[in-house]
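Before any comments, here is the structure.
Only the coordinates and a few stated rules stand behind these numbers; no lab work does. If you're wondering where the values come from, they're calculated on a predicted model, not measured in any experiment. In this analysis, Cβ positions are derived from the backbone assuming ideal geometry, glycine residues included, and neighbour counts consider all displayed protein chains.
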Amino acid sequence: MKQAEVFAESEGDNWLERNRGRPGRDPVGEAIDHLGLKPQRVLEIGCANGWRLAALRGKYGCEVNGVEPSMQGCIEAATRRVPVWRITAENLPAADDAFDLVIYGFCLYLTDPIDWLKIAAEGDRVLKNGGYLIIHDFAEPARPFARRYWLVLLRPGGVREVRLAWLKRYFERRTGQACVLR
């Protein structure tokens with residue numbers, strides 16, 4: 001059974017319950033502020049109960065959409081008036097170039113490695129040219145077993161900063177442009 005199926009079947013709801021009330025500081029929001037972004041249309045993949053999307057909508061007045069396989073997460077997001085697709089990230093039901101900011105919100109570690117390129121390609125497909133892709137996984141300093149890393153893919157002017165070698169190779173092949181590994 002694939003991770004996506006396990007998460008959609010039960011683990012997504014279990015994860016949401018285990019992590020209820022834990023957001024605290026938001027490193028993704030901090031990155032958006034640090035980069036000076038003013039998003040207009042935001043997609044968060046792995047949006048849980050929509051808390052970050054609701055905060056971004058309140059701060060920037062932007063349109064928001066989420067992707068979340070957890071039924072309970074979708075129900076709670078609806079109470080925040082955050083539209084969420086109850087799916088996994090391999091086939092996004094959005095048009096090409098639909099969002100100027102795509103966030104992978106602490107979800108990629110829950111996916112099968114064989115799906116990573118498809119997931120990355122889908123995020124790139126729905127991201128507008130000149131948009132921003134932020135991947136946030138394992139950034140909790142209180143957990144010594146977790147490795148902290150950031151991937152911010154900056155596309156304006158064709159510059160891409162990539163920390164993961166597999167993603168670097170993927171974008172170089174897809175775009176024909178060199179990426180900088182940091």
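So for the range 18-91, averaging the separation of alpha carbon pairs under 8 Å that are six or more residues apart and normalising by length, what relative contact order in percent results?
Worked out over the range 18-91, it gives 27 percent.
With +1 on each Lys and Arg Cβ and -1 on each Asp and Glu Cβ, how big is the dipole of the range 26-136 about its Cα centre, in debye rounded to the nearest 20? Walk me through the numbers on the way to the answer.
Numbers: 11 positive and 15 negative charges, 81 e Å.
Dipole magnitude for the range 26-136 comes out near 400 debye.
Fewest first, what order do V102, V67 take by the number of other Cβ atoms within 10 Å?
So the ranking, lowest neighbour count to highest, is V67, V102.
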